[in-house]
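See below for the structure under consideration.
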Amino acid sequence: MNPTLLIHGIRRLYTADPALSGVGMHEHTSVLVCGNQVQWIGPAKDAPKADSILDADGLVGVPGLVDPHTHAVWAGSRADEFARRLAGEHYADILEAGGGILSTVAATRQATLASLRHNVTKRLAHMRKRGVTLVEVKSGYGLDPETELRMLTAATPHGSGPRVVRTFLGGHTIPAEFRNDRDSYVRQIIEEQIPLCAPHAEFVDVYCDRGAFTLEEALTILQAGKAHGLQIRAHAEQVSHTGIAEAAAKLGATALDHLERIDDAGITAMAESGAVAVLLPGAQLYLRDDPPPVAALRDAGVPMAVGTDLNPGSSPVHDLWTAATLATITQGLTMDEAFLGITRNAARALGQPKSGWIGLDSHADIALFAPPPGEPATIESLLQHMGRPHAEAVIQSGERVH
């Protein structure tokens with residue numbers, strides 16, 4: 001029998017429970033967990049006995065946060081390219097000249113499994129200290145069978161970070177050695193990379209855009225991944241409109257990401273299929289891009305999630321709260337939408353329906369935060385003060401891990 005833990009006297013608890021309206025706020029509340037199950041939620045005055053008690057007086061309680069889009073495994077640095085973009089160079093031009101993703105590919109291919117694992121473990125441990133208990137991690141900086149597998153292996157959690165959902169992204173861009181033979185690289189993805197990597201991933205992803213893969217190439221890759229049992233997602237409509245959002249939604253995509261240039265047909269297809277829109281304000285900010293059409297997504301009823309897009313070049317953003325704040329400022333999300341975007345909707349984007357909310361059928365993942373000095377214990381205070389929230393405590397799968 002697992003020991004019970006009572007998280008007692010939470011000043012304000014935001015459950016994001018899909019059975020409740022809005023963000024599911026409760027005041028002066030306690031939560032009893034045992035193993036990975038929430039056993040009881042109710043007024044603090046009625047709290048049951050437990051083997052151990054965590055005093056949460058004055059704190060904000062939220063579900064363990066969910067980052068639905070990261071590239072957290074990489075080697076090398078792209079700080080020089082950041083300076084070039086500040087000087088006016090466009091990211092797509094840098095990529096087409098052999099920089100961007102390709103420069104990270106060169107460094108990652110040279111890295112050992114031990115070094116990749118060390119770096120991603122550090123990055124994910126930092127996320128957990130800020131309340132993240134579930135995170136998606138992509139490959140995509142190998143672009144050959146061996147390195148793609150090494151990246152997915154490095155992403156396997158080892159106890160000091162959040163749970164991980166892994167995504168195969170061999171379709172990130174065309175590697176330098178195949179620049180003059182795109183068809184051969186697409187065949188390598190389908191015939192070698194996917195069969196090797198699919199047992200070590202939950203999703204297949206592809207970057208369909210200028211400087212990356214065409215719509216026809218992207219759909220071929222996604223269909224091959226689906227045939228190997230992988231769920232579908234895509235980097236969609238970021239730099240230019242390609243039609244991938246509409247096509248991938250009709251193919252059964254769980255989530256579509258970026259969406260700065262999605263059109264009405266793509267939005268309609270997402271609404272009809274139930275695909276989640278994963279918004280990435282860090283990339284929008286670093287690339288000085290326009291925001292996605294949030295009002296149109298909202299009006300169509302498309303659920304919206306928010307991710308860091310953590311990567312070494314276009315979004316070196318390590319803090320999910322910061323991404324949520326940026327989503328309100330640069331993309332027009334309400335505070336409630338931003339909060340649900342890093343909890344319940346983010347988990348939905350990862351096909352994890354028991355994560356991202358707190359209730360009797362949810363995972364026992366809870367993060368506790370102190371509001372900024374002088375501020376009320378609300379999610380509005382946490383979202384307004386960018387970069388502030390370090391978790392006072394994190395409970396993951398029913399265990400206090402921070």
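Here's the yes/no breakdown for (1) farther than 22 Å from Thr15 by Cβ; (2) assigned by TED's automatic domain parsing to the domain that holds Ala83; (3) in contact with a helix residue (DSSP H, G or I) (Cβ under 8 Å, 6 or more places away or on another chain); (4) of a type in the set (Asp, Glu):
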{"position": "Ala253", "(1), (2), (3), (4)": "yes, yes, yes, no"}
{"position": "Leu259", "(1), (2), (3), (4)": "yes, yes, yes, no"}
{"position": "Ala271", "(1), (2), (3), (4)": "yes, yes, yes, no"}
{"position": "Asp289", "(1), (2), (3), (4)": "yes, yes, yes, yes"}
{"position": "Pro293", "(1), (2), (3), (4)": "yes, yes, yes, no"}
{"position": "Val302", "(1), (2), (3), (4)": "yes, yes, yes, no"}
{"position": "Ala324", "(1), (2), (3), (4)": "no, yes, yes, no"}
{"position": "Gly332", "(1), (2), (3), (4)": "yes, yes, yes, no"}
{"position": "Gly341", "(1), (2), (3), (4)": "no, yes, yes, no"}
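It is to be established whether one or more residues within the stretch 189-204 are among the aromatic types (Phe, Trp, Tyr), surrounded by 21 or more Cβ atoms within 10 Å (Cβ to Cβ) and within 23 Å of the chain's Cα centre (by Cα). Checked against the condition, which is being among the aromatic types (Phe, Trp, Tyr), surrounded by 21 or more Cβ atoms within 10 Å (Cβ to Cβ) and within 23 Å of the chain's Cα centre (by Cα), the stretch 189-204 yields at least one hit. Only one of the listed residues (Gly171, Gly225, Gly211, Gly161) is at negative phi and in contact with a Ser or Thr (Cβ under 8 Å, 6 or more places away or on another chain). That residue is Gly161.
Condition check ((1) among the aliphatic types (A, V, I, L, M); (2) modelled with pLDDT of 95 or more; (3) within 30 Å of Ser314 (Cα to Cα); (4) surrounded by 16 or more Cβ atoms within 10 Å (Cβ to Cβ)) across all residues:
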position	(1), (2), (3), (4)
His8	no, yes, no, yes
Asp17	no, yes, no, yes
Ser30	no, yes, no, yes
Asn36	no, no, no, no
Gln39	no, yes, no, yes
Lys45	no, yes, no, no
Leu54	yes, yes, no, yes
Gly64	no, yes, yes, yes
Ser77	no, no, yes, no
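Checked against the criteria, Leu222 counts as buried (at least 21 other Cβ atoms within 10 Å of the Cβ), assigned by TED's automatic domain parsing to the domain that holds Val317 and part of a helix (DSSP H, G or I).
Determine, yes or no, whether Thr328 is under 25 Å from Gln352 (Cα atoms), modelled with pLDDT of 95 or more, outside the structural domain of Met25 (by TED's automatic domain parsing) and in a loop (DSSP other than H, G, I, E, B).
Details: under 25 Å from Gln352 (Cα atoms): yes; modelled with pLDDT of 95 or more: yes; outside the structural domain of Met25 (by TED's automatic domain parsing): yes; in a loop (DSSP other than H, G, I, E, B): no.
Criteria not met by Thr328.
Would you call Ala176 in contact (Cβ under 8 Å) with a residue 24 or more places away in the chain, among the small types (Gly, Ala, Ser) and closer than 20 Å to Gly307 by Cα? For Ala176, the condition - in contact (Cβ under 8 Å) with a residue 24 or more places away in the chain, among the small types (Gly, Ala, Ser) and closer than 20 Å to Gly307 by Cα - is not met. (1) over 19 Å from the mean Cα position of the chain (by Cα); (2) within 22 Å of Ala283 (Cβ to Cβ): which one isn't true of Thr322, the others all being true? With respect to (1) over 19 Å from the mean Cα position of the chain (by Cα); (2) within 22 Å of Ala283 (Cβ to Cβ), Thr322 is out only on (1).
Quick grid of which residues meet (1) free of Cβ contacts under 8 Å to residues at least 12 places away in the same chain; (2) buried (at least 22 other Cβ atoms within 10 Å of the Cβ); (3) farther than 30 Å from Asn119 by Cα; (4) among the small types (Gly, Ala, Ser):
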{"position": "Gln238", "(1), (2), (3), (4)": "no, yes, no, no"}
{"position": "Gly243", "(1), (2), (3), (4)": "no, no, yes, yes"}
{"position": "Ala255", "(1), (2), (3), (4)": "no, yes, no, yes"}
{"position": "Asp264", "(1), (2), (3), (4)": "no, no, yes, no"}
{"position": "Asp289", "(1), (2), (3), (4)": "no, no, no, no"}
{"position": "Ala300", "(1), (2), (3), (4)": "no, no, yes, yes"}
{"position": "Thr308", "(1), (2), (3), (4)": "no, yes, no, no"}
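Annotation note: Cβ proximity below 8 Å between a residue of the stretch 220-235 that is among the polar types (S, T, N, Q) and a residue that is part of a strand (DSSP E or B) (sequence gap 6+ or interchain) occurs for Gln231/Phe203; Gln231/Val204. Beta carbons closer than 6 Å, at least 6 apart along the sequence or on distinct chains, pair a first residue in the stretch 103-130 that is touching a residue at least 12 places away in the same chain (Cβ under 8 Å) and over 29 Å from Ala367 (Cα atoms) with a second that is in a helix (DSSP H, G or I) and of a type in the set (Lys, Arg) for Leu113/Arg150. For the stretch 25-37, the tally of residues that are in contact with a strand residue (DSSP E or B) (Cβ under 6 Å, 6 or more places away or on another chain) and in contact (Cβ under 8 Å) with a residue 24 or more places away in the chain stands at 6. Scanning the stretch 8-24 for residues that are among the small types (Gly, Ala, Ser) and either more than 22 Å from Pro371 (Cβ to Cβ) or assigned by TED's automatic domain parsing to the domain that holds Thr343 (or both) returns Ala19, Ser21. Any residue in the stretch 357-379 that is part of a helix (DSSP H, G or I), within 18 Å of Ala305 (Cα to Cα) and in contact (Cβ under 8 Å) with a residue 24 or more places away in the chain? Checked against the condition, which is being part of a helix (DSSP H, G or I), within 18 Å of Ala305 (Cα to Cα) and in contact (Cβ under 8 Å) with a residue 24 or more places away in the chain, the stretch 357-379 yields at least one hit.
The values are calculated or read from the model by the stated rules, or taken from the named source; none is laboratory data. Note that the coordinates shown come from a computational prediction; the quantities given were computed from them, not determined experimentally. As a convention, Cβ positions derive from the backbone with ideal geometry for all residues, glycine included, and neighbour counts pool all protein chains shown.
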